[in-house]
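Please read the structure below before turning to the comments.
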Amino acid sequence: MSKTKLTANLKENMAFEMQLNGHTLITDASPEIGGNDLGPRPKALLLAGLIGCTGIDIMSILKKMRVELDDVIITAEADQTEEHPKIYKSIHLVFTFKGKDLPMDKLKKAVSLSQEKYCGVTAMLEKASPITYEIRTEE
């Protein structure tokens, strides 16, 4: 079993700085609750991790399938509860693939494999909230 260990240091006020894979990341709260807005909110980073994880999977799978794309846009929309702890009660992903004559069957297979088999972030988050998705294409 492998381990992941991160350490965060207080930068100032409510902002925390950490090193991830050689990159510096700062999280902070919004000014409305006393933060200085020096970085993204931690909960939104869960969605960013989800997009990044599934995006890497999909690109790897599509490269193996020899699917040529002009662009891929992944959007995550999450509904949050009103009461504390405020959690995402549902997450919806929109995968927009851009290119000419894209093979929808291969796009569906790549997204499905990522969401149902490979993306560890999806596997963790869907234990807390349902994740749905849709696939769109554009030329």
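The values are calculated or read from the model by the stated rules, or taken from the named source; none is laboratory data. What you are looking at is a predicted structure, and each value in this text was computed from that prediction instead of being measured. FYI the Cβ positions are ideal-geometry reconstructions off the backbone, even for glycines, and counts take in every protein chain you see. Areas reflect the complete protein model, heavy atoms only, side chains present, ligands, DNA and RNA absent. Shrake-Rupley method; radii C 1.70, N 1.55, O 1.52, S 1.80 Å.
Summary of values
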{"item": "Yes/no for Thr75 being under 18 Å from Leu107 (Cβ atoms), open to solvent by less than 80 Å² (accessible area, probe 1.4 Å) and not aliphatic (A, V, I, L, M)", "result": "yes"}
{"item": "Sole residue being open to solvent by 70 Å² or more (accessible area, probe 1.4 Å) and either under 30 Å from Leu102 (Cβ atoms) or acidic (Asp, Glu) (or both), chosen from Asp37, Asp57, Asp28", "result": "Asp37"}
{"item": "Residue match in the range 85-94 (condition: open to solvent by less than 80 Å² (accessible area, probe 1.4 Å), within 13 Å of Asp57 (Cβ to Cβ) and free of Cβ contacts under 8 Å to residues at least 60 places away in the same chain)", "result": "yes"}
{"item": "Residue count for the range 99-139, restricted to those that are open to solvent by less than 30 Å² (accessible area, probe 1.4 Å) and in contact with an Asp or Glu (Cβ under 7 Å, 6 or more places away or on another chain)", "result": "3"}
{"item": "Every pair of residues 6+ apart whose Cβ atoms lie under 7 Å, when the first sits in the range 49-65 and is under 16 Å from Met124 (Cβ atoms) while the second is small (Gly, Ala, Ser) and assigned to a helix (DSSP H, G or I)", "result": "Cys53/Gly120; Thr54/Ser114; Asp57/Ser114"}
{"item": "Qualifying residue in the range 1-17 (condition: exposed (fewer than 10 other Cβ atoms within 10 Å of the Cβ), acidic (Asp, Glu), modelled with pLDDT of 95 or more and not in a loop (DSSP other than H, G, I, E, B))", "result": "no"}
